[in-house]
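Here's the structure we're looking at; comments come further down.
The values are calculated or read from the model by the stated rules, or taken from the named source; none is laboratory data. Owing to the predicted nature of the structure, the values given are computational and were not obtained by experimental measurement. Counting neighbours? That spans all protein chains shown, and the Cβs are built from the backbone with ideal geometry, glycine included.
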Amino acid sequence: MSAEEPSDGVPTRARVRLRRGTEAEQLLAKGIGSPALFAIALGAAGSTVYYALGVVAGAALGLTPLAFLIAAFFFVLTMLTYVEGSALYRERGGASVFARYAFDELWSFIAGWAILLDYLIVMAVGSFAVAHYLAAFWPAADGQGVELAIAAVVLCWVALTNIRGHPGTRYRALLRLALISLLLFAVIVVIGAVELFDLSLLIATVDISSAPPIDDLVFAVVVACVACTGIEAASGLAGEVRAGPDDLRRLVLVVGIAVVVLFVGVSLVALMAVPVEQGSTRLGSELLEAPVLGVVSELEPVRLGDALRYAVGGVGALVLIQAVNGQMLGLGRLAYSLGRNRQIPSVLSRLDERRSTPYIAISIAAVLAFALAASTDVRFLAGIFAFGAMLAFTVAHVSIIVLRFREPDRRRAFRIPFNVEVRGTAVPLPAVLGALMGTAGWVSVLAYHGGARFVGGAWMLVGVALYVGYRTSQGKSLTRRVTISEEALREAKELAYGSILVPVIGGELDDDIIGTAGRLASDAADDGVGGAVLEAVYVFEMPMSLPIDARVPDERVAGAKRALARAKEVGEEYEGVRVATAMVRGRTAGAAIVNEARRRGVEVIVLAARAPSRVRGGAILGGRGRGSDRFADDMTRYVIEKAPCRVILTAPGGEGGSELGEQPA
């Protein structure tokens, strides 16, 4: 996929190439459907079983099905959060984007940096496990040295594939592979249940006297949650996906059911095939790197076991390769987002001239993933993953809860079900539960796993130091949003232009305000800097006699929607300009605008001001009296005095022209 940042989800280069008429390019122009999300999410869940089953079983022992059941439940909670967030903000970046709008740029970076670590870990473990599944055909494949050579080949192929870019039709092949893998697991579960089912054996494996310590069980659950990185990777397609509310609901339902059945069914069969004996299981030792192969090897007759062994070896290797590929896709898109928002040095997110892919970030990621794979310590890598994953997913859940309070009136194509009213705001219980589970998992990793604590902590400290040093050296705020254009990334320029806040009121001046902001963004693009993000907001002034979260009359909401729709239409007429819209509340319009500017970290506010009058005095004397429109008088003065950034005033000139005035922060 092209790493463009389109205003409507379709990359600019894809529009040009569309004229060539190929099937892949037509698919890009139409947008990617929900099957692509299904393929990535389900593919990640399937790949989790191939390489994480051994680690989970080694820690959870007879409680392995319970560990996978809890992980599947957390997977569903996380998927609900990401679907609402990605539908709310059609920007690539997942948890990083949610944190940007819920909190600020620093928290956005923390979430993104943690997810980068998870991408690297999954790529390392997945590429390393490929060799062990290929051993079904070539026994020497899992030999020392050979396994690393195969991992290097896999990572090189994945890096080159992502640098070249992903055609839209590739998601169809990925979907077919995910379905084949799911069917294979279903066959294994059915055959295993018929041949091996022994209730007394399952009961014996969960004997309380041989139950794992609570810290090992929690660790097993957190490791099983590696499947959630597929959700994060799929969120990188936000803006390119064309799926309606019904499609998204079906996606959540189907993937959720599939993951629960897959995780629980395979883990039950695994325990029956390779049971816990004397407080351990071979799944967590000699079969650690290829546990599913170990499970099917126990099936009889021998011919059936051999056939399934070859099937698992081939399909498993392909699924793992595609899982590594999906993680690299997510990493590249996240690196693009971090670079464009000046959260990492722009050179790291530099785009290829022809393909618009972040080739430097992809190349560095491949090298780092191989260095991690060279450790050959799957348990250690799983612990590091647990540190980053639980931190990032917790931030994502909390962000969605906060956004319900910050932007309650914003239209949501998908809303998490099961809400409770808190001060007039619908709080999603699944997100609350996900945040609590994520926090508990992260704290457990800090408390019980020293390697993950030190390595994960060092990764985060280095990242924050890089972020602070980079932002400080550029003279930029640590919390405000600063964006640069795709062209700046392609040319590795350090020029930047911040996002612009544009309050609208549904009046005649709106077009003038948006036009001014659009010209500023477009001029920046012409200078090689790129267009800014225009954040159009409509302020509902709530009187003191009403609660701040009181219901707004339907006619006012409808008027606000018309004004914002018009703002988006006018603003996006300018090349390279993207308009984001929102409705906000405040006691006064001026205070609400200043608060939004501070929260969103914008660099410029564009406001309407009355045209200058040559006659002093009130309206009776022929002058411009101080009317009731606070948006143009008191509000303007308040914003100029209190704004944390520059303020640009625009108004019709005395001779019909346009006048601009700029006030520094």
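Points to keep in mind about this one:
- When VAL502, VAL579, VAL533 are checked against the criterion of being modelled with pLDDT under 85, buried (at least 21 other Cβ atoms within 10 Å of the Cβ) and aliphatic (A, V, I, L, M), a single residue qualifies: VAL533.
- Of all residues in region 376-414 being under 25 Å from VAL557 (Cβ atoms), touching a helix residue (DSSP H, G or I) at 6+ places or on another chain (Cβ under 6 Å) and not aliphatic (A, V, I, L, M), the one that is modelled with the highest pLDDT: SER399
- Residue that is in the same structural domain as ALA365 (by TED's automatic domain parsing), in a helix (DSSP H, G or I) and more than 29 Å from ALA396 (Cα to Cα), where the choices are ALA186, ALA136: ALA186
- PRO430 being assigned to a loop (DSSP other than H, G, I, E, B), at pLDDT 90 or above and touching a Pro at 6+ places or on another chain (Cβ under 8 Å): no
- Test: residue in region 630-647 that is of a type in the set (A, V, I, L, M, F, W, C), modelled with pLDDT under 75 and in contact with a Pro (Cβ under 7 Å, 6 or more places away or on another chain): no
- Residue within region 445-453 that is of a type in the set (D, E, K, R) and either part of a helix (DSSP H, G or I) or in the same structural domain as ILE121 (by TED's automatic domain parsing) (or both) present: yes
- Checking GLY330 against (1) part of a loop (DSSP other than H, G, I, E, B); (2) within 17 Å of the chain's Cα centre (by Cα), the condition it does not meet: (1)
- Of all the residues in region 468-499, those that are at pLDDT below 85, assigned to a loop (DSSP other than H, G, I, E, B) and among the hydroxyl-bearing types (Ser, Thr, Tyr) number 2.
- Yes/no for PHE405 being touching a residue at least 12 places away in the same chain (Cβ under 8 Å), among the aromatic types (Phe, Trp, Tyr), outside the structural domain of ALA580 (by TED's automatic domain parsing) and under 23 Å from ARG600 (Cβ atoms): yes
- Only one of GLU232, GLU240 that is touching a strand residue (DSSP E or B) at 6+ places or on another chain (Cβ under 8 Å) and at pLDDT below 85: GLU240
- Options ARG350, ARG379; residue that is closer than 26 Å to ILE484 by Cα and assigned by TED's automatic domain parsing to the domain that holds LEU120: ARG350
- Going through (1) part of a helix (DSSP H, G or I); (2) buried (at least 19 other Cβ atoms within 10 Å of the Cβ); (3) under 22 Å from the mean Cα position of the chain (by Cα) one by one, GLY93 falls short only on (1).
- Filtered by the rule that a residue be modelled with pLDDT of 90 or more and surrounded by 14 or more Cβ atoms within 10 Å (Cβ to Cβ), region 188-205 gives ILE188, VAL189, ILE191.
- Residue among VAL302, VAL315, VAL295 that alone is within 30 Å of LEU120 (Cβ to Cβ), surrounded by fewer than 24 Cβ atoms within 10 Å (Cβ to Cβ) and assigned by TED's automatic domain parsing to the domain that holds GLY112: VAL315
- The one condition in (1) modelled with pLDDT of 70 or more; (2) of a type in the set (Asp, Glu); (3) not in a helix (DSSP H, G or I) that ASP8 fails to fulfil: (1)
- Counted residues, region 411-438 - those being surrounded by fewer than 17 Cβ atoms within 10 Å (Cβ to Cβ) and within 15 Å of VAL395 (Cβ to Cβ): 1
- For region 452-469, filtered to residues that are surrounded by 15 or more Cβ atoms within 10 Å (Cβ to Cβ) and among the small types (Gly, Ala, Ser), the residue that is farthest from VAL83 (Cα to Cα) is ALA452.
- LEU117 vs. criteria assigned by TED's automatic domain parsing to the domain that holds GLY330, touching a Pro at 6+ places or on another chain (Cβ under 7 Å), modelled with pLDDT of 90 or more and in a helix (DSSP H, G or I): no
- Condition broken by ALA386, with the remaining ones in (1) within 19 Å of ARG92 (Cβ to Cβ); (2) surrounded by 24 or more Cβ atoms within 10 Å (Cβ to Cβ); (3) small (Gly, Ala, Ser) satisfied: (1)
- Region 333-362, residues that are in a helix (DSSP H, G or I), hydrophobic (A, V, I, L, M, F, W, C) and more than 15 Å from the chain's Cα centre (by Cα): VAL347, LEU348, ILE360, ALA361, ILE362
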